[in-house]
Amino acid sequence: MRSDDGFRAWAADNRRLLVRTATLLTAGDQHTAEDVVQTTLTKMYLAWPRLRGVENRSAYARRVLVNAFTDEMRSTRRAREDLRSQLPERAAGPGTAGHGPVSEDTWLLYSALADLPERMRATVVLRYFHDLSVAETARALRCTQGTVKSQTARALDKLKVRLGPVLRTDDRADDHPVMPAVGTTTLLTTPTPTHAGSLS
């Protein structure tokens, strides 16, 4: 299999998950999510010859995706200091979205995520959508485990205020504090744009 074929096969298998993750990172802004994913795929393509010996390419892709998201938000800022103020543009309310129907739970989740600073939002997405450990999340974000723990705790405090009773306690042995119950169903069914471009 040629190098390009290997990359295309990997991209076909992983693109949908990348889009879902990027959509959560951007709090439902699917247009920006598509840009972030396209940047991620471009960087993965350029790095592909060096990744032949990398066992966990998904972990590498997550780091690239988070970096692409951070760079996108830093460089543009979208003329927004408060992402929530622009949420109606992305999802005007339950039942609508930029590329298809959105449930009330999904809209509620996007709205709550939009209240979080970008780095804090990335921590929550990696911890709960990808179910990464504190150590894995720290590696993906290139920060300390203590930072991950503090960011997670602060994020969950904010989410409790917005999501209230839809949060449930998770008593896992690793002291995983609180899990958004809405996330366990909604995060896995985040609408994926069907017209999004790919590398040609």
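Each value in this text was obtained by applying a stated rule to the coordinates, not by laboratory testing. From a predicted model like this one, the values you see are computed outputs, not experimental measurements. Because the Cβ atoms are built from the backbone with ideal geometry, glycine has one as well, and the counts that use them run over all protein chains shown.
Here the peptides 33-46, 112-125 are ranked by packing, the mean other Cβ count within 10 Å, and the order with the highest first is 112-125, 33-46. For ASP4 and ASP131, what does the FRET efficiency come to when R0 = 30 Å and r is the distance between their Cβ atoms, rounded to the nearest 0.05? With R0 = 30 Å, the Cβ-Cβ based efficiency is 0.40.
When the Cα positions of MET44, ALA33, ASN67 are compared along the charge dipole of region 1-80, ASN67 comes out farthest toward the positive end, with charges on each C-beta of Lys, Arg, Asp and Glu. If a/c stays under 1.5 just call it rounded; otherwise compare a/b with b/c (prolate if a/b is bigger, oblate if not). Do that for region 1-80, with a ≥ b ≥ c from the square roots of the Cα gyration tensor eigenvalues. Prolate, since a/c reaches 1.5 and a/b exceeds b/c.
In this rough spin-label picture, where each label sits 7 Å from Cα along the Cβ direction, the ARG16-ARG142 distance is 3.1 nm. Summing charges over neighbours of CYS143, with a neighbour being any other residue whose Cβ is under 11 Å away from its Cβ, gives +4 when K and R count +1 and D and E count -1.
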